[in-house]
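So the structure is just underneath, and the comments pick up after that.
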Ligand SMILES: CC(C)(COP(=O)(O)OP(=O)(O)OC[C@H]1O[C@@H](n2cnc3c(N)ncnc32)[C@H](O)[C@@H]1OP(=O)(O)O)[C@@H](O)C(=O)NCCC(=O)NCCS
């Protein structure tokens, strides 16, 4: 059974293994916990029986006009079970009064985000791997 929570109480680095699949320099579980703590909003999906976090979404916001969703990920073994959709739904609920909600994504995930009424837009990024 998957449980959803916005609390980080009791979450430790060892609950956070297996994320950032395919990243060149994936954050360690320690850094993962720090970025969760540093986010304005976070929602976790937890497999209570397995005792691990299996999905998460974060958001940063100015609390007035704009919010940004930097990270959404579901562990590979848990994908395609509705968890990503529920994480997004819960996060968008929390950002309900913020008119601008932005995120960056690869083209293959565009149809997933279109389900939430989001539309493609042009963006600019700087990444650590650029040197
Ligand atoms: C994208 C991601 C979060 C989706 O999570 P998920 O738990 O597998 O998605 P869900 O099971 O909730 O999918 C909900 C619906 O969206 C569809 N969907 C899921 N991923 C999709 C994709 N990449 N493209 C189009 N549709 C997708 C599902 O088929 C499902 O449709 P249905 O309701 O008709 O069956 C997950 O695949 C993931 O973590 N990917 C790797 C990290 C990533 O790409 N994150 C986004 C970075 S911006």
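The values are calculated or read from the model by the stated rules, or taken from the named source; none is laboratory data. These numbers were taken from a predicted model, which means no experiment stands behind them. A quick note on method: Cβ atoms are made from the backbone with ideal geometry, for glycine too, and the neighbour counts reach across all protein chains shown.
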Take the residues in the range 16-46 that are surrounded by fewer than 13 Cβ atoms within 10 Å (Cβ to Cβ) and touching a residue at least 40 places away in the same chain (Cβ under 8 Å); name whichever of them is nearest to residue 94 (Cα to Cα). 21
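One line per residue, one yes/no per condition, for (1) in a loop (DSSP other than H, G, I, E, B); (2) at positive phi; (3) more than 8 Å from the ligand (Cβ to nearest atom); (4) more than 14 Å from the chain's Cα centre (by Cα):
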site: 26; (1), (2), (3), (4): yes, no, yes, yes
site: 46; (1), (2), (3), (4): no, no, yes, no
site: 54; (1), (2), (3), (4): no, no, yes, no
site: 58; (1), (2), (3), (4): no, no, yes, no
site: 85; (1), (2), (3), (4): no, no, no, no
site: 129; (1), (2), (3), (4): no, no, yes, yes
Across (1) touching a strand residue (DSSP E or B) at 6+ places or on another chain (Cβ under 8 Å); (2) closer than 26 Å to residue 130 by Cβ, residue 24 clears everything bar (1)
Report yes if residue 13 is surrounded by fewer than 18 Cβ atoms within 10 Å (Cβ to Cβ) and in contact with a helix residue (DSSP H, G or I) (Cβ under 6 Å, 6 or more places away or on another chain), otherwise no. yes
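Hey, among 69, 46, which residue is within 23 Å of residue 129 (Cα to Cα) and in contact with a helix residue (DSSP H, G or I) (Cβ under 9 Å, 6 or more places away or on another chain)? Step through it out loud before you land on a result.
On the way: 46 fails: within 23 Å of residue 129 (Cα to Cα).
Exactly one of 69, 46 is within 23 Å of residue 129 (Cα to Cα) and in contact with a helix residue (DSSP H, G or I) (Cβ under 9 Å, 6 or more places away or on another chain), namely 69.
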Scanning the range 87-118 residue by residue, the ones that are within 8 Å of the ligand (Cβ to nearest atom), surrounded by fewer than 16 Cβ atoms within 10 Å (Cβ to Cβ) and part of a helix (DSSP H, G or I) total 5
Of all residues in the range 60-83, count the ones that are in a loop (DSSP other than H, G, I, E, B), farther than 17 Å from residue 103 by Cβ and within 15 Å of the ligand (Cβ to nearest atom). 5
Can you list residue pairs whose Cβ atoms sit under 9 Å apart, with the first residue in the range 78-94 being farther than 17 Å from residue 19 by Cβ and modelled with pLDDT of 95 or more and the second being in a helix (DSSP H, G or I) and within 8 Å of the ligand (Cβ to nearest atom)? Count only pairs 6 or more apart in sequence or on different chains. 85/112
